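The values are calculated or read from the model by the stated rules, or taken from the named source; none is laboratory data. This is a predicted model, so every value here is computed, not measured. A quick note on method: Cβ atoms are made from the backbone with ideal geometry, for glycine too, and the neighbour counts reach across all protein chains shown. For the accessible areas, the whole protein counts, side chains as well, though only heavy atoms, and no ligand, DNA or RNA atoms are used. Shrake-Rupley method; radii C 1.70, N 1.55, O 1.52, S 1.80 Å.
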Amino acid sequence: MNPAYIYRTIRFFFVIGVVILSLYAFLYLSKVTYPFIIGLAIAFLINPLVNIMEVKWKIPRALAVLIALVLIFAIFAGLITLLVAEIVSGADYLAKVVPQHLDTLIDFVEQFFAGQIIPLYNQLASLFNNLGTGQQDTIMTNIENVGKQFGSTLGDFIQGFFEKIPNILSWFPNAATVLIFSLLATFFISKDWHRLSGIFSRMLPRRAKKSGRTVFADLQKALFGFVKAQATLVSITTVIILAGLLILRVDYAITIALVTGLVDIIPYLGTGLIFVPWIIYEAIGGEMSRALGLGILYIIVLVQRQIMEPKILSSSIGLDPLATLIALFAGFKLIGFLGLIAGPVTLVLITTLHKAGVFRDIWMFIKGNEEAD
């Protein structure tokens, strides 16, 4: 056998082994260092703003980092305060109108049972009495088995729910600890960004350093593009819902539009979590015109989301719309809801590595310098 092919095979498996070991090491280390990974991600995001304040406004970098963190925290706190104020106002309104609608729902359930369930029960009871003793025993045995299975499933669910309550409660102090460490890590990483970048840069070979700059710049552009795309999609959804609710003359349209727009961030389910129960409730309450209007509005929101998402993501991140659509679907099928985010991010990473010539360099390393073709 030609020695060149043997060397290429060895180098190929060496590259595969390095990739697998690197992924395993990253997954293992991320379990104990994720607050600092979060801090690195936040520092990466705020770095352009910090650089502007440091270079153009001549603010010391440590103070610039502190200002950026306070500014971002203030924006989020302001948005949450506004949202909470709107929700409290809407909750006060709902506290007045829900009892009336609840009475309507109870009347509907009573009429449904009186008109549909009870006559059906009488018919089934009559048919059951006309059956033989063996058939009746078989039916009763099956009903008992179904009841036991249902009771066992319900009991396991309730038991599991109450067993998870301590874990849920313990999550809050853990979340506070992670938040504190992440913010501290963000401050120190961002403050020493240039020094840490220099240390990391000196550790890399010249070729890897050049490729790393390209990958870093493209990833930064793509990441900001992804955040911009999601904000654009949520904003479009909120505006459409607000306009539709104002046309339908729904009370507290702004509150409902804001909440529904934020819910739209949830992959796949999105606005359906709000619209579907609302439409069903309006239909049960006899408000068919409003239920129809909400249904049309929901369809409009759903269609525009499906049409605009690949286009906006592709234009903001710089990817082909078809490739983005494939990444969205493949990510969802592989890992579920998170795949709708992980899919485009993975596509961005692969595209960035390709543009930086990383795959070409790996192939040249595997191929080697042997001239044995």
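Highest GNM mean-square fluctuation, the chain, Cα pairs closer than 10 Å: which of A323, A125, A77? Maximum fluctuation in the GNM of the chain, among the listed residues, is at A125.
Hand me the chymotrypsin sites (Phe, Trp or Tyr not before Pro) from region 254-305 located in a DSSP loop with no more than 11 other Cβ atoms within 10 Å, in residue order please. Walk me through the numbers before you get to the answer.
Working: sites: Y268, F275, W278, Y281, Y298; in loops: Y268.
Qualifying residues, ordered by number: Y268.
Just to be sure I understand, if you calculate log10 I(q)/I(0) by the Debye sum over Cα atoms at q = 0.06 Å⁻¹ for this structure, which of (i) -0.22; (ii) -0.26; (iii) -0.42 do you get? Calculated log10 I(q)/I(0) by the Debye sum over Cα atoms at q = 0.06 Å⁻¹: the matching label is (iii). Per residue, the accessible area of the chain comes to 68 Å² when a 1.4 Å probe rolls over the protein heavy atoms. What is the percent carbon and sulfur in the accessible area of the chain, measuring with a 1.4 Å probe over the protein chains and ignoring ligands? Summing carbon and sulfur atoms, their accessible area is 74 percent of the total for the chain.
Legend: helices of the chain (whole DSSP H runs) are marked when their alpha-carbon atoms reach 30 angstrom or more along the helix axis and their mean Kyte-Doolittle hydropathy is at least 0.0; marked are 3-55, 61-112, 133-191, 206-247, 288-317. The chymotrypsin sites (Phe, Trp or Tyr not before Pro) of region 1-71 that DSSP puts in a loop, and whose beta carbon has at most 10 other beta carbons within 10 Å, are W57. Where the alpha-carbon atoms of region 223-298 are placed on the principal axes, they occupy 47, 22, 18 Å, in descending order.
Considering every alpha-carbon pair of region 169-297, the percent of pairs per 10 Å bin, from zero through the bin containing the longest distance, is 10, 23, 21, 19, 15, 8, 3, 0. Among the listed pairs K311/K333; K31/K221; K210/K355; K56/K210; K58/K191, which have their C-alpha atoms separated by more than 18 angstrom in this model? Among K311/K333; K31/K221; K210/K355; K56/K210; K58/K191, the Cα-Cα distance tops 18 Å for K311/K333; K31/K221; K56/K210. With 0.36 nm allotted per residue and the present C-alpha distance subtracted, the L49-D137 stretch has 24.1 nm of extension available.
Taking the Cα centre of region 199-287 as reference, the dipole from Cβ charges on Lys and Arg (+1) and Asp and Glu (-1) amounts to some 1360 debye.
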